[in-house]
Amino acid sequence: MSYEVAIIGAGPAGSTTAKFLAEKGLNIVLIDKCNFPRDKSCAGGLPARVFKRFPYIKENNLIQSYSYGGFALSPSLKYKAVVQKKEPVVGMVQRKNFDMGLVKLAINKGANLIDGKTVEDIKILKDKVRIKLDDNKYIESKIIVGADWVWSTVAKKSNLMPLNRPHCVCIFNEYELCENEI
């Protein structure tokens, strides 16, 4: 299969890129290793400036709740900073729903989604990019966009990132709260 642009990674950056390019009439493929919808354990807060830059996020009800302020305490508990606004300062999203909503917007604009397939190799040729998927199928495109996270396969395979970066571990747990617990 051949496309004008192949976007690797269907998170917010990849699906937003796919949406905008598909709106311009380009033949887009959006590839992600996970099947959508999928859980994602990071970045559930969107600053208010995002609502202005990407109004379709609010228009499509992708925000789960809003925060109108917050506070921070110093380690000694001696100092406290408080922010309280009349307008939301942060929109909270559940990444499973948010990312799926963005993917649907991209698909509705004409992007093609291939999910549940891992990119195994990328060859940059003179006039195209050849992408090998884990099922031994190939995708070709004129342009490739790496939106595939910090350990980007696109960056590694195109020599934009060293292969021996240090690793870190993070433990995460997400809890859904009932209305009366908020």
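The values are calculated or read from the model by the stated rules, or taken from the named source; none is laboratory data. This one's a predicted model, so the numbers in the text were calculated from it and none came from an experiment. Note that we place each Cβ from the backbone using ideal geometry, even for glycine, and neighbour counts take in every protein chain shown.
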Original post:
Of the residues that make up segment 64-71, is at least one surrounded by fewer than 16 Cβ atoms within 10 Å (Cβ to Cβ), closer than 19 Å to Thr17 by Cα, under 22 Å from the mean Cα position of the chain (by Cα) and not basic (Lys, Arg)?
Top reply: no
Subject >> Residue satisfying condition, being of a type in the set (A, V, I, L, M, F, W, C), touching a Leu at 6+ places or on another chain (Cβ under 9 Å) and in a loop (DSSP other than H, G, I, E, B), within set Ile63, Ile31 >> reply: Ile63
Original post:
Which ones in segment 114-167 are modelled with pLDDT of 95 or more and among the hydroxyl-bearing types (Ser, Thr, Tyr)?
Top reply: Thr118, Tyr138, Ser141
**OP:** Considering only residues that are touching a helix residue (DSSP H, G or I) at 6+ places or on another chain (Cβ under 7 Å) and part of a loop (DSSP other than H, G, I, E, B), look in segment 104-163 and name the one that is farthest from Gly14 (Cα to Cα).
**Re:** Leu163
**OP:** Please tell me if Val83 is modelled with pLDDT under 95 and either loosely packed, with under 12 Cβ neighbours inside 10 Å or assigned to a strand (DSSP E or B) (or both).
**Re:** yes
